[in-house]
Amino acid sequence: MRKILELNSFADTLAFHEIMKLRPSILIGALSLLTIAASAKTIVVNTTNNVSPGPGETNLVMAISLLQDGDAVHFNIPGPGPFYLVTPPLFPDNGYPAITNHNVTIDGYTQPGSSPNSNTILSSNNANIQIVLDSRGGGTHEDPVSGYDPTESALLFVKGATNVTISGLCFLGPGPGSNSLEDPYRYALAFALEAGYGHIHGCWFGLDLDHINVYPFRDAVAGFQGPSGHFINGTTVGVEKTAANSSEARSQFNIIVGESIPIILEGESYRICGNFLNVFPDGVTDYNIDSGLPPNDLDAFIEIGRRGNNCVIGTDGDGINDAEERNIFGGVTVAHEGLLEWYSGPRTNNIIAGNCFGVGVDGTTRFVNSMRLLTDLPATASFRIGSDIDGVSDDLEGNIIAMSTPPTIFADLNLGRISLRGNRLINGGIAPFSFADNRGDRLVLFTNYDAPYLSTNSSIIPTLLTSSTQAHLRGTCALGKYPYTNVIIDVYLADEEGWTNGQTFEFFELAYTNSLGGTLYYGFAQGKTYLGSFVDNGPQDLDPAPGQFDLDISSFNVPVSDLVTVAANYSADLPGTHNGRTHTSNFAMPINLLPAPRMNIARINDFVVLSWPTNSGQLTIQSTPSLAPPDWTDLDDVPINPVGTNYEARLPIASTDVFFRLRN
């Protein structure tokens with residue numbers, strides 16, 4: 001080090017003092033990195049014996065005790081695996097010692113015979129893990145620092161150490177514990193005292209290597225900030241943003257099965273990408289913790305607290321490894337909080353994209369699932385659930401959210417900005433704001449929820465005109481409120497399952513009167529298949545009036561038997577902006593389209609006969625003497641009569657050129 005910093009002249013000395021005066025942190029950081037690089041070592045665990053290792057043997061207890069900044073723990077245990085390393089008992093050994101050094105790695109994939117997963121996230125997980133940290137006997141580590149009580153413990157406890165990487169390990173637990181001194185809560189991994197930017201890759205939690213037996217903890221990954229503000233920021237569970245390619249991304253998938261709270265972190269800037277949560281390695285079998293069997297106590301799959309900003313659950317949409325960043329969530333029939341929970345803090349700029357909720361990796365296997373997606377959010381909250389439709393990985397960013405027993409509240413939303421675009425919603429409740437409950441107590445909340453983003457002087461739910469055809473989708477939407485004045489209409493095939501099932505609940509908020517004076521009920525409107533987007537008053541909108549649209553959807557080739565719905569998006573940014581500030585309306589009540597009219601022209605004697613199918617509706621005939629430019633005029637005085645299955649109009653043959661068209 002002295003040689004590197006040797007000062008060869010008076011000028012060098014002055015330069016050195018200037019560096020120290022202006023940028024001391026950079027120099028100190030460089031010195032620290034050089035020190036770590038010079039002293040970092042690899043400690044090899046070569047025995048499963050955590051109690052009395054023999055001469056020349058190093059167990060995991062010793063390896064953790066020997067760690068210094070930048071060190072790595074590898075494994076080379078002789079003999080056939082897998083190898084079960086029994087955690088030292090809580091009493092009197094207090095489990096493994098806490099990890100307190102920065103930039104350290106514990107990598108189970110260094111054990112000969114092991115290999116990480118190589119399959120895509122939409123397939124089975126074929127990881128071959130050989131190192132099992134076995135706490136089925138209750139062995140864990142207690143360390144009542146800020147954020148943790150003496151009634152909490154962890155198999156591996158990371159205390160104040162940043163950038164710790166845990167990879168290629170299987171964690172087996174003794175159950176959740178009972179929050180007592182004798183039987184504390186037990187976590188697989190716990191982070192404390194600002195132990196931020198941890199990395200959890202290619203691990204299995206709660207599931208034995210036989211792919212069958214489940215031995216859970218209370219939490220798989222926990223990080224509590226405590227009363228003194230030691231936030232646990234920047235943790236990655238699964239695929240790193242820096243994964244070099246799809247192969248590296250796939251090697252980082254985790255499987256987490258059976259925990260009461262699989263992941264709970266307090267802070268911000270988390271990445272939870274590329275995980276099976278309560279889904280077995282085959283990807284199509286789930287572990288429904290609330291199937292009627294003990295412990296029956298799922299809180300939520302993921303809980304993020306205290307700050308809750310800048311978090312990504314699933315695909316980040318940067319065009320790099322997006323297909324491998326999705327999470328697969330098993331079914332849930334009872335949860336204390338919901339599928340996902342953000343509690344306390346501003347909760348801004350969060351992304352939930354590309355995930356499968358209640359559906360297996362094949363996209364068709366349905367799990368028993370009936371819980372709200374999100375819990376209560378404040379006015380400060382902002383979430384993108386699905387795609388931002390910016391032209392990058394749009395088809396990967398949509399979530400599949402499937403329910404089996406409606407009505408399911410999509411989310412407990414009082415306020416906050418929610419973008420809900422490009423998703424595949426199946427058999428859920430009304431989205432994004434579930435305003436109907438047969439009590440009417442959510443209607444005012446619904447108006448308040450939308451009020452910051454759009455005009456509430458008219459209907460805040462878009463309306464589709466029943467005269468819409470396969471060629472032209474017509475309707476109305478509310479106007480945006482500054483700065484959310486860019487209005488984008490997303491067109492979907494509606495989910496007929498939720499629409500039909502929702503009608504059976506006969507919520508009075510969804511009642512309407514039919515043409516015979518009877519009372520009928522709408523179902524739960526939601527988009528199942530995203531078709532495309534149009535800007536209100538944009539170049540593809542044929543209706544120039546603000547808040548009214550006439551969209552050419554002929555390229556979508558929608559069958560008349562399919563239901564169509566739309567949602568209006570109110571954006572403060574231009575359409576196509578990455579992660580733009582956007583708020584999505586509820587979905588329009590879906591309609592069936594009329595057939596696109598096809599006009600036939602024939603000459604009979606001195607007349608031009610125009611005809612079109614009666615199931616296209618009663619249309620207006622227009623004419624123009626020229627197409628360049630056109631000057632269309634309604635022919636209101638021409639009689640139109642039904643003739644068989646067609647409408648027919650007869651016009652005298654003119655002495656000059658004339659062009660005709662039909663208009664709704």
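The values are calculated or read from the model by the stated rules, or taken from the named source; none is laboratory data. Computed from a predicted structure; not experimentally measured. We place every Cβ from the backbone using ideal geometry, glycine too, and count neighbours over all the protein chains shown.
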Quiz item: Looking at this structure, is SER167 more than 13 Å from PRO262 (Cα to Cα), modelled with pLDDT under 95 and of a type in the set (Ser, Thr, Tyr)?
Solution: no
Exercise. Select from the stretch 143-160 the residues that are closer than 15 Å to PHE217 by Cβ, outside any strand (DSSP E or B) and not polar (S, T, N, Q) and list them in ascending order.
Key: TYR148
Self-check item: Count of the stretch 336-381 residues which are of a type in the set (D, E, K, R) and over 19 Å from ASN427 (Cα atoms)
Solution: 4
Practice problem: Consider only pairs whose beta carbons are under 9 Å apart and that are at least six residues apart or on different chains; among these, list those whose first residue lies in the stretch 185-196 and is on the phi > 0 side of the Ramachandran plot and whose second residue is charged (D, E, K, R) and surrounded by fewer than 24 Cβ atoms within 10 Å (Cβ to Cβ). | Solution: LEU193/LYS159
Exercise. Go through (1) in a strand (DSSP E or B); (2) touching a strand residue (DSSP E or B) at 6+ places or on another chain (Cβ under 7 Å); (3) not charged (D, E, K, R) one by one and return the number of the condition VAL638 breaks.
Key: (1)
Quiz prompt | Subset of the stretch 346-356 [out of contact with any helix residue (DSSP H, G or I) (no Cβ under 7 Å at 6 or more places or on another chain) and free of Cβ contacts under 8 Å to residues at least 60 places away in the same chain] | solution = PRO346, THR348, ASN350, ILE352, ASN355, CYS356
Quiz item: Taking the stretch 462-471 as the region of interest, how many residues are at pLDDT 95 or above and part of a strand (DSSP E or B)?
Solution: 2
Quiz item: Is it fair to say THR408 is among the β-branched types (Val, Ile, Thr), surrounded by fewer than 20 Cβ atoms within 10 Å (Cβ to Cβ) and either farther than 18 Å from GLY305 by Cα or not assigned by TED's automatic domain parsing to the domain that holds VAL444 (or both)?
Solution: no
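A quick yes/no check of all residues on (1) assigned by TED's automatic domain parsing to the domain that holds ILE401; (2) among the polar types (S, T, N, Q); (3) at pLDDT 95 or above; (4) part of a helix (DSSP H, G or I):
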position	(1), (2), (3), (4)
ILE460	yes, no, yes, no
LEU473	yes, no, yes, no
TYR484	yes, no, yes, no
TYR492	yes, no, yes, no
GLY498	yes, no, yes, yes
PHE524	yes, no, yes, no
SER533	yes, yes, yes, no
ASP550	yes, no, yes, no
Quiz item: Of the residues that sit in the stretch 242-266 and are at pLDDT 95 or above and among the polar types (S, T, N, Q), which one is nearest to LEU169 (Cα to Cα)?
Solution: ASN254
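Considering each of ALA471, ALA545, ALA525 in turn, give the residue that is touching a helix residue (DSSP H, G or I) at 6+ places or on another chain (Cβ under 9 Å) and farther than 30 Å from ILE409 by Cα. Give the derivation first.
Working: ALA545 fails: touching a helix residue (DSSP H, G or I) at 6+ places or on another chain (Cβ under 9 Å); ALA525 fails: farther than 30 Å from ILE409 by Cα.
The conditions single out ALA471.
Of these, PHE217, PHE231, which one is more than 22 Å from GLU324 (Cα to Cα) and out of contact with any Phe, Trp or Tyr (no Cβ under 6 Å at 6 or more places or on another chain)?
Within the list PHE217, PHE231, the selection yields PHE231.
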Quiz item: Looking at the stretch 605-655, which of the residues that are of a type in the set (Ser, Thr, Tyr) and at pLDDT 85 or above is nearest to the chain's Cα centre (by Cα)?
Solution: THR620
Quiz item: Mind checking which residues of the stretch 207-256 are part of a strand (DSSP E or B) and either touching a Lys or Arg at 6+ places or on another chain (Cβ under 8 Å) or surrounded by 23 or more Cβ atoms within 10 Å (Cβ to Cβ) (or both)?
Solution: LEU207, ASP219, ALA220, VAL221, ALA222, GLY223, THR236, VAL237, GLY238, ASN254, ILE255, ILE256
Quiz item: Which pairs have Cβ atoms under 6 Å, sit 6 or more apart or on different chains, and link a residue in the stretch 620-645 that is in the same structural domain as VAL658 (by TED's automatic domain parsing) and farther than 14 Å from ASN664 by Cα to one that is charged (D, E, K, R) and not in a strand (DSSP E or B)?
Solution: THR624/ASP631
Exercise. Working only within the stretch 485-536, note down all residues that are on the phi > 0 side of the Ramachandran plot and either of a type in the set (Ser, Thr, Tyr) or without any contact (Cβ under 8 Å) to a residue 12 or more places away in the chain (or both).
Key: GLY517
Exercise. Filter the stretch 378-413 for residues that are assigned to a strand (DSSP E or B) and modelled with pLDDT under 90 and give the result.
Key: ALA411, ASP412, LEU413
Exercise. State whether the residues of the stretch 580-593 include one that is in a loop (DSSP other than H, G, I, E, B) and surrounded by fewer than 17 Cβ atoms within 10 Å (Cβ to Cβ).
Key: no
Quiz item: Is it the case that ILE302 is β-branched (Val, Ile, Thr), over 15 Å from the mean Cα position of the chain (by Cα) and buried (at least 21 other Cβ atoms within 10 Å of the Cβ)?
Solution: no
Quiz item: Within the stretch 21-28, is even one residue modelled with pLDDT of 95 or more and in a loop (DSSP other than H, G, I, E, B)?
Solution: no
Exercise. State which residue is surrounded by the most Cβ atoms within 10 Å (Cβ to Cβ) when the search covers only the stretch 485-536 and only residues that are among the polar types (S, T, N, Q) and closer than 13 Å to GLY429 by Cα.
Key: GLN526
Quiz item: Within the stretch 39-51, can you find the residues that are of a type in the set (Ser, Thr, Tyr) and farther than 20 Å from GLY81 by Cα?
Solution: SER39, THR42
Quiz item: Does the stretch 68-125 hold any residues that are of a type in the set (Ser, Thr, Tyr), surrounded by fewer than 21 Cβ atoms within 10 Å (Cβ to Cβ) and more than 21 Å from GLY238 (Cβ to Cβ), and which are they?
Solution: TYR84, THR100
Quiz item: Going by the conditions given, is SER124 in a loop (DSSP other than H, G, I, E, B) and touching a Lys or Arg at 6+ places or on another chain (Cβ under 9 Å)?
Solution: no
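Let's see how each residue does on (1) of a type in the set (Phe, Trp, Tyr); (2) part of a strand (DSSP E or B); (3) in the same structural domain as GLN503 (by TED's automatic domain parsing):
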| site | (1), (2), (3) |
| --- | --- |
| VAL560 | no, no, yes |
| GLY576 | no, no, yes |
| VAL609 | no, yes, no |
| ARG650 | no, yes, no |
| ASP657 | no, no, no |
